[in-house]
Amino acid sequence: MLISGREAAARLAEIGMPRRQVRIALDAGLAGEPVRTRAATLYEAARVAELAARPLVAMGAVYRACPYGLLVDRRVTLGGSAVGSSVEEVSDVDLGLWRAFDIAASIRHHGPFPYVATICGFVVRGGDIVEVRHIRDTVYALAVDEPGAWFDQWRGRRWPTGPGRQWLVLGR
């Protein structure tokens, strides 16, 4: 069954999403590709319901699954280009010198650094950062490989992070 964009927005507002975030999430395709007509934009009701029903990430999950930390990328769009077989580059991350150094040091000492990408709090991708590369000033590129078993706790979940910068490092 198809519902209007207005009805989809109302259903997502029930879980506390502000209208602007609802629009971003729907435009990003999180509820599937809409059917566009002259009069309305329509979404599959089941896909909107699935999105609204996504469970929250369990409290304390970061500390249990990722004891050395986790980078949450909260950017609206996810850029990237293939670097190798399963490695993808996430570019233009304004980490700053000290945070980039901290993550690179953690990779050297503990192995890959967990990475979760979200759009409006919905987890859309996960991976293991295997390299931090300087681009310019305080901007870095991250080589991200397929996620380890730790990511199963975040797949298909919602992580309401609230307002703030484009990324968070948790568990440090």
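The values are calculated or read from the model by the stated rules, or taken from the named source; none is laboratory data. Just so you know, these numbers come straight off a predicted model, no measurement behind them. The protein model used for the area step is the full one, side chains on, heavy atoms only, and it has no ligands, DNA or RNA in it. Shrake-Rupley method; radii C 1.70, N 1.55, O 1.52, S 1.80 Å.
Before moving on, here are some points about what is shown:
- Radius of gyration, Dmax [the range 109-162; alpha carbons; angstrom]: 12.5, 35
- By the compact-protein rule of thumb, 2.2 N^0.38 Å, the alpha-carbon radius of gyration of the chain corresponds to a ratio of 1.11.
- Area accessible to solvent at residue 140, 1.4 Å probe radius, in Å²: 20 Å²
- Expressed as a whole percent, the accessible surface of the chain that belongs to carbon and sulfur atoms is 53, based on a 1.4 Å probe.
- What the range 1-138 shows is 55 Å² of accessible area per residue, with the surface traced by a 1.4 Å probe over protein heavy atoms.
- CD proxy at 222 nm, helix term only [per DSSP H run n ≥ 4: -39500 (n - 2.57); per residue of the chain; nearest 500]: -7500 deg cm²/dmol
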